[in-house]
1. Can you give me the distance in nm between label points at Arg620 and Gln348, each placed 7 Å from the Cα along the Cα-to-Cβ direction?
2. Can you give the calculated 222 nm mean residue ellipticity of the chain, where each DSSP H run of n ≥ 4 adds -39,500 (n - 2.57) and the sum is split over every residue, rounded to the nearest 500 deg cm²/dmol?
3. Using a 1.4 Å probe, what is the accessible area per residue for the stretch 384-438, in Å²?
4. From the Cα gyration tensor of the chain, with a ≥ b ≥ c the square roots of its eigenvalues, which class applies: rounded if a/c is under 1.5, or else prolate if a/b is larger than b/c, or else oblate?
5. Taking a point 7 angstrom from the Cα of Ala667 along the C-beta vector, which residues in the stretch 578-613 have backbone N less than 15 Å away?
6. Local charge sum around Tyr570 (other residues, Cβ-Cβ under 15 Å, Lys/Arg +1, Asp/Glu -1)?
7. In the neighborhood of Glu121, defined by Cβ-to-Cβ distances under 13 Å, what is the net charge if each Lys or Arg adds +1 and each Asp or Glu adds -1?
8. Specify the angular offset, from 0 to 90 degrees and rounded to the nearest 10, of the alpha carbon long axis of helix 630-662 from the longest principal axis of the alpha carbons in the chain.
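The values are calculated or read from the model by the stated rules, or taken from the named source; none is laboratory data. Being a predicted model, the structure only gives us computed values, none of them experimental. Counting neighbours? That spans all protein chains shown, and the Cβs are built from the backbone with ideal geometry, glycine included. To get the accessible areas, we keep the full protein, side chains included, count just its heavy atoms, and leave off ligands, DNA and RNA. Shrake-Rupley method; radii C 1.70, N 1.55, O 1.52, S 1.80 Å.
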Amino acid sequence: MTGDTHVHPAWLPDAAFAALGSRRTLVIGEGLLVDTVVRELEAACARHGGAVHHREDPPHPHEFDLIMAVHSAAGALAAQAPGDLGTEGYAVARSDGTTLVLAAAPAGLLHGLFHLVRAGEAAFADAHPPAVHRPALARRMLDHWDNIDVHPVMGHVERGYAGGSIFWQGGGLTRDLDRVARYARLLAACGVNAVTVNNVNVHATEATLLTDRLADVATLADVLRPYGITTHLSVSFAAPRTVGGLPTADPLDLAVRDWWARTTRRVYEAIPDFGGYVVKADSEGQPGPSGYGRSHADGANTLAEALAPHGGVVHWRAFVYDHRQDWRDRGTDRARAAYDHFAPLDGQFDDNVILQVKYGPIDFQPREPVSPVIAAMPHTRLAVELQVTQEYTGQQRHVCYLAPLWREVLDFAPWGDEPPTVADVVARSGGLVAVSNVGDDAYWTGHPLAQANLYAFGRLAWDPGADPAAVLDEWIGLTFPAAGGDGTLRRILHDLMDDSWSVYEQYTAPLGIGFMVRPGTHYGPDVDGYEYTPWGTYHFADRDGIGVDRSRATGTGFAGQYPPHWAYVYESPRTCPDELLLFFHHVGYGHVLHSGETVIQHIYDTHFAGAERTVAMRRRWADAAGLVDDDLHARVSERLDEQVRSAAEWRDQVNTYFLRKSGVPDAYGRTIH
Ligand code: GCV
């Protein structure tokens, strides 16, 4: 913890700046973000004994250990940086005892600064020619599902597991803007460059952020801006009616379009670099264009038209499905919904519309196939949405390092097993978005180790080819400076976290079936919890078998929404990968997996193994006592106790349920209740 405010420094403890702060640095360039770089260096030098100078003319050679320059202000250095650095890229070189960071624009310099923080002493070791670093994805955004008013069911932060909102408090803007600035700094240091400051479920008070409360959004934007973070707002599609006083929100109505244009103009007067809107429309009770007989393209384009003159974008979410389904109706398949709604609209969206697609066709489950929408809309800008907040992956009570899941999604090749990959698609168009896991908790994320997910999201959005274990290693090194010692802490954290997603998958819902969670809270096991509900998330287990037949031949036809390669692979249990078998097929308990195991024995084995592995994780964490701050150790220990308890609950409920359904005993005679 930092002494004064009791907020954990996450991956930017003072010690992370030791190498930089003990050097003599010259910063050349001007602008808001250059000032941020200078301020960061001044603070680091004050703590670690170095010195920083800031000027606009070129440096005298070898006068400083470190030279940071914005290209335009340092023409003499430009020749040393190969390639086009873009607005956020930078080049780093070291020769004759001087490390040089060169950027074409101030944001690049800021990213270059954090590159040096990550590198530590290594940045001042061996000479090397300029190496260029550029983000693969231009848009790297975090969506906050924060409410201003505490919602009676969903709380202050919808699906938030780290306390209240850091943006909103006491029914208005937080007074702790320093906390927001710290957050912006952490985000910049991992590569995030855009934030949405309110929930996509826009309630009455929050709808006024667009109008009466706009000044609060502008204040947040002022705090986020010095760290290169652009501010976005979730808006209600019904706003022209609910806050604009018009009789309709019909997107083709001229008065409605005019209202959006005028309102948006006012937003840009208050926030000249405003990023744009995020919209959840016609989904889970949120209003949308269908109420007026209009399409999603009509709806999105109306907002896009208002944003276009100012350079803004609208993130229109593809998370649209019927949440009032009749469970008796086996013909309706929620997995099909996004494709059915949006694929026919490909090519109809304006250039500044980004269709924001959840990575899987259902809802952030620990295992889903990648959404077929990604391959279906080549003429639409697409962003993929991930969930850093652990709604379905242990709610920040369980250790579940998500970067390996995200890397699998990003590596998936939607048209076959050759590139382009999902990462290629979003790099060309709408970027990567994730739902944040941060709240006003002292550790930011409730579970201190869940900080790694936030960090990894930013790093993967910058470089989707990054190795999850290497990203974790980087996070460990920054967050726990003591990990550098004999390496014990580093090994403990890798042992605990590297495979934690697969451990979580083992003790929860099997083989891609998903959603065996408690309705509402989505925490803990309840095998039949959603089985007879309107939400469209069913497993269809009976005495003979389990799974959803989504084949073209005999099922819902969802498999046919993929291009031929994957449509073929997913169509038959013979070719479908084991981990997705029950997502695509209804099979008997005796069905033999590619692994050689039967489905029922796989269920028993994975649930016993997963729960056992959580016990080993807890044991391993005990070895970290004395190697990390006592409070942090205690917080993680307490959460691991809960993870062990919960994993045992999952194991026992799932195994018992399937023993009772199938009547097939465990081959090893273990205890099932
Ligand atoms: C913001 C899931 C969550 C909801 C969330 C929704 C969404 O259904 O449970 O809380 O609402 O996804 O992504 O819009």
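1. With each label point 7 Å from Cα toward Cβ, the separation is 5.0 nm.
2. -10500 deg cm²/dmol
3. Here the per-residue accessible area is 25 Å².
4. Oblate is the answer for the chain, as a/c is 1.5 or above yet b/c matches or exceeds a/b.
5. Zone members listed by number: 589-609.
6. -2
7. The answer is +1.
8. Value to nearest ten degrees: 20.
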